[in-house]
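A short write-up of the structure that comes next.
The values are calculated or read from the model by the stated rules, or taken from the named source; none is laboratory data. All values derive from a computational prediction rather than experimental measurement. Heads up, the Cβs are rebuilt from the backbone with ideal geometry, glycines too, and the neighbour counts pull from every protein chain shown. To get the accessible areas, we keep the full protein, side chains included, count just its heavy atoms, and leave off ligands, DNA and RNA. Shrake-Rupley method; radii C 1.70, N 1.55, O 1.52, S 1.80 Å.
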Amino acid sequence: MEHLINWIALLATVVMLAGAVAVLLLENYLAAVAATTVVSLGAAVIFVVLRAPDVALTEAAVGAGLSGVIMALALRRLGLWHIGTASDAGDDAPDNDTGRTG
Amino acid sequence: MRNALSLLFIAGLAFLLFVITAGLDFGAAPMLVGQGINQASPGQVGAANIVTSVVLGYRALDTLGELAILFAAATAGGLMLGRPRADARHDPEAGFILLAAADLLFPLLLVVGLFIIVHGHLTPGGGFQGGVILAAAFFLPLLARPGTHFNHPGFAVVEGLAGAAFIVIGLLGLARGGEFLMPLLGQGAMGSLLSAGTLPLLYIAVGLKVGTELAGLMAHIAEYEAVDP
């Protein structure tokens, strides 16, 4: 049982790190917002492993749900809500080029 | 130069974090306050969920401060965003899947949110977590049908009443028990729904306030006219 919990914690940590790196590397803003919620979900799993279910519930509700929705709505307000990547959008969305990385 | 300074800063921060974490056992509590509260709380407050007895019993004033911060943030957000123009363009109605899911999930989210709020003193969760779920429940129809009217004044009235109820319960505790937010009404049988005195009432107030506040904030952001694509 103790081993299993260690493996779950390790898996959650790897998923969180992958999500955090994905936020930096993803070109699509909406996908980056989704990746931040993955980080929060991993944190919620780690809080459960640490026997803090109250904090885990808060992290899942606020970190994964609410802040993701608010960031996505902010993207919509800024006109950056596109399903495709910045390079797909092409000429008809010139304001998109400012957000392109590299 | 700037890059080198940033690298130096990050290296220093990593070193500090490493030194701190190296001295801690993973998962072991370094403080003794928790053990004291674990022993004293069942007799003093009577909540099966010890976290609730801390949040609404021993540190209830902090919770009131937290609510005040949330209120200030939501008010500032509402002021910043203002009102959309009367002729503002709405997003089109969502597709079939989101429409059907919104209709199905609304009662489900409502029940889950209320359950988590009402059982805050028995099981993990409570006013804040359940309130966020309630906010999601009320925001979902707006996501599916962007043109629908969101009853901002009604939500503001519920929010104000819930916030006032929290303070009134606290003042009653001050009048009867001698301290602000002192739990009243007796502890009851530990683990039953009607136990832990006024803590469930406080959590219902917190849940309604957080739920209506966040739903109003999200509706504010969503109603604001989108930039032309």
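Skip the ligands, DNA and RNA, and give the accessible area per residue of chain B with a 1.4 Å probe, whole Å².
58
By per-residue mean of other Cβ atoms within 10 Å, what is the highest-first order of B:105-118, B:129-142?
Top of the packing list down: B:129-142, B:105-118.
Could you give the DSSP H helices of chain B that reach 15 angstrom or more along their long axis (alpha carbon positions) and whose average Kyte-Doolittle hydropathy is no lower than 0.5?
Helices meeting the span and hydropathy rule in chain B are B:2-22, B:60-81, B:96-118, B:127-144, B:152-177, B:199-223.
Give me log10 I(q)/I(0) at q = 0.15, 0.18, 0.19 Å⁻¹ for the range A:4-88, Debye formula, one equal scatterer per alpha-carbon, no solvent.
Summing over Cα pairs of the range A:4-88 leads to -0.58, -0.76, -0.82.
Keeping every protein chain in place, order B:ILE169, B:ILE204 by accessible area at 1.4 Å, biggest value first, i.e. largest first.
B:ILE204, B:ILE169
Have a look at the range B:99-131 and report residues whose accessible surface goes down by 30 Å² or more when the remaining protein chains are included, against the chain on its own, probe 1.4 Å, ligands and DNA/RNA excluded.
The answer is B:PRO124, B:GLN129.
Taking Rh as the Kirkwood radius computed over C-alpha pairs, what is the Stokes-Einstein D of the protein assembly as shown at 37 °C in a medium of viscosity 0.692 mPa s, expressed in µm² per second?
146
Let me make sure I get this right: for chain B, a, b and c are the square roots of the gyration tensor eigenvalues over alpha carbons, sorted descending. Under 1.5 in a/c it's rounded, otherwise prolate if a/b > b/c, else oblate. Which is it? Intermediate results must be reported in sequence, preceding the final value.
Working: a/c = 1.99, a/b = 1.19, b/c = 1.67.
Since a/c reaches 1.5 but b/c is at least a/b, the shape of chain B is classed as oblate.
Would you pull out the residues with amide H under 5 Å of B:GLY125's amide H, same chain only if 5 or more places away, H placed 1.01 Å from N?
A:ASP54
At B:LEU110 and A:ILE5, where each label point lies 7 Å from the Cα along Cα→Cβ, what is the point-to-point distance in nanometres?
Between B:LEU110 and A:ILE5, the simple spin-label model gives 4.0 nm.
Suppose only helical runs count, i.e. DSSP H with n ≥ 4. What mean residue ellipticity at 222 nm does that imply for chain B under -39500 (n - 2.57) per run, divided by all residues and rounded to the nearest 500 deg cm²/dmol?
Counting only the DSSP helices, I get -22500 deg cm²/dmol.
Return the distance in nm (one decimal) between the two label points of a simple spin-label model at B:ASP91 and A:ALA22, each offset 7 Å from Cα along Cα→Cβ.
2.1
May I ask you to compute the full-extension gain from B:THR148 to B:GLU66, defined as 0.36 nm times their residue separation minus their alpha-carbon distance, rounded to one decimal in nm?
Full extension from B:THR148 to B:GLU66 adds 26.4 nm.
With +1 on the Cβ of every Lys and Arg and -1 on the Cβ of every Asp and Glu, and nothing else charged, how large is the dipole of chain B about its Cα centre, in debye rounded to the nearest 20? Don't jump to the answer; show the numbers that get you there.
Values: 8 positive and 13 negative charges, 68 e Å.
The dipole of chain B has a size of about 320 debye.
Need one number: nm distance between label points at B:ALA11 and B:LEU99, each 7 Å from Cα along Cα→Cβ, rounded to one decimal.
So the two model labels end up 6.1 nm from each other.
Which of the residues in the range B:208-224 show a loss of at least 30 Å² in accessible area from their chain by itself to the complete set of protein chains, at a probe of 1.4 Å?
Residues of the range B:208-224 that lose at least 30 Å² of accessible area once the other chains are added: B:MET218, B:ILE221, B:ALA222, B:TYR224.
Rounded to the nearest percent, how much of the accessible area of chain B (1.4 Å probe, protein heavy atoms only) is carbon and sulfur?
Ligands and nucleic acids excluded, carbon and sulfur give 73 percent.
Over the range A:4-88, what percent of the accessible surface lies on carbon and sulfur atoms, probe 1.4 Å?
That fraction is 79 percent.
About its Cα centre, what dipole magnitude does the protein assembly as shown give when the only charges are +1 on Lys and Arg Cβ and -1 on Asp and Glu Cβ, stated in debye to the nearest 20?
So the dipole magnitude of the protein assembly as shown works out to roughly 740 debye.
To the nearest 10 square angstrom, how much accessible area does B:ASP62 have with a 1.4 angstrom probe?
Only protein atoms counted, so the area is about 90 Å².
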